[in-house]
Amino acid sequence: MLTAECSVLFMRIIAGKFRSRPLRSLQGAELRPTSDRLRETLFNVLTAARAMEGTVWLDLFAGTGAVGIEALSRGARKVYFAEAARKSVDLIGQNLRSLKIESGFQILQQDAVAAVGKITEALDICFLDPPYKMEEQYEKVLAALAKSSVLHENSVVIAEHSKHFDPKERYGRLERFRKLVQGDAVLSFYRLSNSAAINADER
């Protein structure tokens, strides 16, 4: 359960089946949810390149679950939410229940690298958003994804990070093909180096 001393804040779902419905976050908890504006930008980029219907997602460092729930709202077939913190796992569950979402997801209470190793289903989109101060997690998680068998030639991996930190251009088979800056936040887009899912002229 969430502690009473944490103030409840609200975000909103941008589009799809649950458009404009509220999602809970917590003030004072160690959460830095992806802002509504940045989440909208993320999905604008993704939906310009592919349909969201039927996609399979992995939402790493899921926090409030806002990114994965946005994907479900837009027609994703399944979302894996990976989050190590019990308080955040409870929050994801509350947000899903508030929307009466009962299927199409799995919550993994474990660290991101372990979650990558546990999943066997092919992923279309993977989003990771570690706490900005945990810069070492980008190396660990992106390297684990590059070595895994869950990515295919059209998979896209997106890392949200601070503008003051720049992940590497390449982690094994994963290569960055786009970087989008919005305020203090940056979205780095990666794909397998032989993928042609999104045109190179989007760099």
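The values are calculated or read from the model by the stated rules, or taken from the named source; none is laboratory data. Quick caveat, the model's predicted, so the values are computed rather than measured. Every residue, glycine among them, receives a Cβ derived from its backbone with ideal geometry; neighbour counts consider all protein chains shown.
Tell me, which residue of segment 103-120 that is among the β-branched types (Val, Ile, Thr) and closer than 17 Å to LYS147 by Cα is surrounded by the fewest Cβ atoms within 10 Å (Cβ to Cβ)? Please lay out each step first, then the result.
Filtering segment 103-120 for residues among the β-branched types (Val, Ile, Thr) gives 107, 113, 116, 119-120.
Keeping just the survivors that are closer than 17 Å to LYS147 by Cα gives 113, 116, 119-120.
Values: VAL113: 17, VAL116: 28, ILE119: 18, THR120: 8.
The selected residue is THR120.
Taking the stated definitions as given, is ALA49 more than 24 Å from GLN137 (Cα to Cα) and in contact with a Ser or Thr (Cβ under 7 Å, 6 or more places away or on another chain)?
Numbers: more than 24 Å from GLN137 (Cα to Cα): yes; in contact with a Ser or Thr (Cβ under 7 Å, 6 or more places away or on another chain): no.
Taking the combined requirement at face value, the residue does not satisfy it.
With the checklist (1) touching a residue at least 60 places away in the same chain (Cβ under 8 Å); (2) more than 20 Å from LEU142 (Cα to Cα) in hand, flag the one item VAL67 doesn't pass.
(2) is the only condition that VAL67 fails.
Filter segment 44-88 down to the residues that are in a loop (DSSP other than H, G, I, E, B) and of a type in the set (A, V, I, L, M), then identify the one that is nearest to ASP129 (Cα to Cα).
First, the residues of segment 44-88 that are in a loop (DSSP other than H, G, I, E, B): 50-55, 61-65, 74-77, 83-85.
If we keep only those that are of a type in the set (A, V, I, L, M) as well, we get 51-52, 62, 76, 84-85.
Values: ALA51: 23, MET52: 20, ALA62: 7, ALA76: 19, ALA84: 13, ALA85: 14 Å.
Once the filter is applied, the top-ranked residue is ALA62.
Specify which of the listed residues (LYS140, LYS100) is at pLDDT 95 or above, surrounded by 16 or more Cβ atoms within 10 Å (Cβ to Cβ) and more than 25 Å from ASN44 (Cα to Cα).
Exactly one residue qualifies, and that residue is LYS140.
Since TRP57 meets every condition but one in (1) surrounded by 15 or more Cβ atoms within 10 Å (Cβ to Cβ); (2) within 20 Å of PHE10 (Cα to Cα); (3) not aliphatic (A, V, I, L, M), which condition does it not meet?
(2)
Quick check: anything in segment 123-130 in contact (Cβ under 8 Å) with a residue 24 or more places away in the chain and surrounded by fewer than 16 Cβ atoms within 10 Å (Cβ to Cβ)? Lay out the reasoning, then the answer.
Our first condition is that a residue be in contact (Cβ under 8 Å) with a residue 24 or more places away in the chain; within segment 123-130, this holds for 123-130.
Now narrow it down to the ones that are surrounded by fewer than 16 Cβ atoms within 10 Å (Cβ to Cβ): none.
Checked segment 123-130: no residue is in contact (Cβ under 8 Å) with a residue 24 or more places away in the chain and surrounded by fewer than 16 Cβ atoms within 10 Å (Cβ to Cβ).
Go through (1) farther than 20 Å from PRO33 by Cβ; (2) touching a Pro at 6+ places or on another chain (Cβ under 8 Å); (3) touching a residue at least 24 places away in the same chain (Cβ under 8 Å); (4) of a type outside the set (Val, Ile, Thr) and name the single condition ALA112 misses.
It fails just one condition, (1).
With (1) in a loop (DSSP other than H, G, I, E, B); (2) in contact (Cβ under 8 Å) with a residue 60 or more places away in the chain; (3) of a type in the set (S, T, N, Q) as the list, and SER103 as the residue in question, which single condition is left unmet?
Just one mismatch for SER103, condition (2).
Please determine whether any residue of segment 152-167 is among the hydrophobic types (A, V, I, L, M, F, W, C), part of a loop (DSSP other than H, G, I, E, B), modelled with pLDDT of 95 or more and in contact with a strand residue (DSSP E or B) (Cβ under 7 Å, 6 or more places away or on another chain).
Scanning segment 152-167, I find no residue that is among the hydrophobic types (A, V, I, L, M, F, W, C), part of a loop (DSSP other than H, G, I, E, B), modelled with pLDDT of 95 or more and in contact with a strand residue (DSSP E or B) (Cβ under 7 Å, 6 or more places away or on another chain), so the answer is no.
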